[in-house]
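Heads up, the thing below is written out as structure tokens.
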Amino acid sequence: MKKPKFQFRSFSKGIVLLVLFLFLESCASLFYQPTNQKYWSPDLFGFQFKEESFKTYDGEEIHFWRIIPKEKPKGIIIQFHGNGENRTSHFTSLVWMVNHGYELVTLDYRGYFDSTGTPERETIHKDAIGFLIKELEYSKNRNIPVIVYGQSLGGAIALRALGELKDKSGIALVVADGTFANYRTVFKQVVRRVLFFPIDWIAGIFVSDFLSPSETISTLSPIPLLVIHGTADDIVSYQNGVELFGLAGQPKWFWEVRGGGHVSWMNLGVSKESKNFLLFLEDVIQKSKFNPSKAGVGRDDGRL
């Protein structure tokens, strides 16, 4: 009797399909990895803050912190953080700016820490739109410019939500730090690192580009956009930042952090790059005079 030649091949295919199935089952956890652990709070670092919450369109409760400088803020920074952990860890990356006169508003997405609900792309997108509308109204009443700062996944969330805002006045700058233009592209890149070709291509078929920033980023103009990306980013590769920048309208800047990793270049405000960022931000706010359509803010493809 001849030995059957199909057994090993079938076994291999079965393993591949099983791995692929399990991986696709965890797609949501790839993009959203919340924890309910409390890491730190602003008062541990000597900052004043307020615990606030926001009711979503479908009745969920989103919690956020308002970290306050000692004097009237130069601007309000709205932080959309990355996909892991929660605001109690991510606020540390930007809180140093409060010492330089900026108010920091850092929110959690639904399902993160003490925010209710389950994290899903469409519902988080709607939450982000509602939150931005609320914060822009709040800032206008205080006559303070807004800086929308998106990190990694938070950049994709913020950019896509901004693309649907009818009234963007009051936004002095949008920052996209270590983020991407398309969900499918970045998903395939992660799969390729974990598995092998052609599993990345197959897996990409099952991941939608729905609500990707690429669909609307060109509509942000004339709001100034700063894209920042590290050349050694091993989470969201450098090319994603280049692609995002290419799709955006003017005025825009691309800052390449040579040798930089994933959203790690500020180093709690002590790095040379962070000092350059402060100078850049003050200049943008001064030129905008809280009006993003005002002339005088042009293109500068500088490098950090």
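Residues are listed down the side, and each one gets a yes or a no for (1) among the polar types (S, T, N, Q); (2) under 14 Å from Tyr57 (Cα atoms); (3) not in a strand (DSSP E or B):
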position: Tyr112; (1), (2), (3): no, no, yes
position: Gly117; (1), (2), (3): no, yes, yes
position: Ala128; (1), (2), (3): no, yes, yes
position: Lys134; (1), (2), (3): no, yes, yes
position: Asn141; (1), (2), (3): yes, no, yes
position: Ile144; (1), (2), (3): no, no, yes
position: Ile147; (1), (2), (3): no, no, no
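Restricting segment 240-269 to residues that are of a type in the set (A, V, I, L, M) and touching a residue at least 24 places away in the same chain (Cβ under 8 Å), which is farthest from Tyr102 (Cα to Cα)? Looking at the filtered set, the residue picked out is Leu247. At pLDDT 95 or above, within 21 Å of Gly170 (Cβ to Cβ), within 15 Å of the chain's Cα centre (by Cα) and not charged (D, E, K, R): does that describe Ile77? Yes; evaluated as a whole, the condition is true for this residue. For segment 72-104, a residue qualifies if it is out of contact with any Ser or Thr (no Cβ under 6 Å at 6 or more places or on another chain) and in a helix (DSSP H, G or I), and the qualifying residues are Thr88, Ser89, His90, Thr92, Ser93, Val95, Trp96, Met97, Val98, Asn99, His100. Pairs linking a residue in segment 63-74 that is under 22 Å from Ala128 (Cβ atoms) to a residue that is in a strand (DSSP E or B) and small (Gly, Ala, Ser), with Cβ atoms under 6 Å and 6 or more positions apart or on different chains, are His63/Ser53. When Gly154, Gly170 are checked against the criterion of being touching a Ser or Thr at 6+ places or on another chain (Cβ under 6 Å) and crowded, with 19+ Cβ neighbours inside 10 Å, Gly170 stands alone in meeting it.
The values are calculated or read from the model by the stated rules, or taken from the named source; none is laboratory data. Quick caveat: nothing in here was measured; it's all calculated off a predicted structure. Here Cβ is always computed from backbone atoms with ideal geometry, including for glycine, and neighbour counts include all displayed protein chains.
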